[in-house]
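Worksheet for the structure shown next.
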Amino acid sequence: MRDKIFLSFLFVFFIFYFLFFILAKVIFAQQITLSVSPPLIETTIKPGKSILIAYTLQNLADPAVFKVKILPFTPKDHSGHIDLKSEFEGPVRFSLDNSVIKMNEPFMLKKEGQQLLLRIRIPEGAPEGDYYYTLLAETQPPPVADGVVGTAAKATVGSNILITVSYNGKVDVKGKIFSFDILPRIKLGNLNVFDSNDKIPVALTVENEGKNLIKPQGEIVLRGNFGERAAYAIIPQNVLAMSKRIMQATPSAEICGTGTARCAPTTLILSGFFIGKYNLSANVNFGENSIAAMANVSFIALPLKVILGIIIAAGAGILIVKKIRD
């Protein structure tokens, strides 16, 4: 009898424990959905001047404590990714013109939008050039009682700020084509060889040797040996000062290797049935008062799979004929 009572007690205890655990997760789990607009600011400012940017920070979920800060960044790779620095640096000065919200100080944001008035000021004597920053709004952990370990999801949303400091409004445009390549499956000497049904990946990398960002434009033209011609527009994208970037053209895509999650960064993927020799030319313009750059590359496409099938079939046929004769 005592054993039955004890087992019943344990059963009821675990039921209540389970329900409490589930309800606690539902009640205390914090949902975080953030957005900030505009997501990108590009501006040119003279030393001694300032501008005011109006941001909208939108909290679409539970009320949370936020903090706003500014951090500089540098280009990370050739795909347009960035590396945020851990400490602020540079001559640009930032402040919030909001009456109650200050930079690097926590504030409560309910399920609503909050306008952030960001003041950007360039001191007198600031060196000309580009300065890159990110406005970050991130949630802060809620206060917990003494001796209690609290856990909460942390969310961050950011907007990049690209600032050009110039006394006369002129910029330093020094762009060039760093590389223009085809990524072949087969390479025979200097020849890029593909099967006629293969997708042809093309990579155009632009280098910015100047001290101001550039936004290259242009096109990639495909010409075949039977008079075929197709043109693909290069999508204007920012190439930051003293960096390289793989450009994108329309239509754009990625090719992933078999058995790997990594994709080869490409500018353009050519699809179709190709046969013969083809030439690709890139024509890139870097902005006003700049000389357009050109580069060329070629490839050969043959029905290799069909040819291989014919060779295998012919070899099998010869073997069969020899066996019949023997």
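The values are calculated or read from the model by the stated rules, or taken from the named source; none is laboratory data. A quick note: this is a predicted structure, and the numbers were derived from the prediction, not measured. FYI the Cβ positions are ideal-geometry reconstructions off the backbone, even for glycines, and counts take in every protein chain you see.
Taking the conditions (1) over 30 Å from ASN296 (Cβ atoms); (2) in the same structural domain as ALA293 (by TED's automatic domain parsing) in turn, VAL221 satisfies each one other than (1). The set of residues from the stretch 49-73 being farther than 18 Å from LEU96 by Cα and not in a strand (DSSP E or B) comprises LEU60, ALA61, ASP62, PRO63.
In summary, MET247 fulfils each of the numbered conditions (1) at pLDDT 95 or above; (2) surrounded by fewer than 18 Cβ atoms within 10 Å (Cβ to Cβ); (3) closer than 27 Å to PHE73 by Cα with the single exception of condition (2). The sole residue among LEU52, LEU96, LEU57 that is in the same structural domain as ILE41 (by TED's automatic domain parsing), surrounded by fewer than 17 Cβ atoms within 10 Å (Cβ to Cβ) and at negative phi is LEU52.
Go through the stretch 271-326 and give me each residue that's farther than 12 Å from ASP195 by Cα and part of a loop (DSSP other than H, G, I, E, B). Of everything in the stretch 271-326, those that are farther than 12 Å from ASP195 by Cα and part of a loop (DSSP other than H, G, I, E, B) turn out to be PHE286, GLY287, GLU288, ASN289, SER290, ILE291, ALA292, ASP326. Among all positions in the stretch 264-281, there is at least one residue which is within 24 Å of PRO184 (Cα to Cα), among the small types (Gly, Ala, Ser) and at pLDDT below 80. If HIS81 passes every condition in (1) touching a Gly at 6+ places or on another chain (Cβ under 8 Å); (2) surrounded by fewer than 15 Cβ atoms within 10 Å (Cβ to Cβ) but one, which one does it miss? Just one mismatch for HIS81, condition (1).
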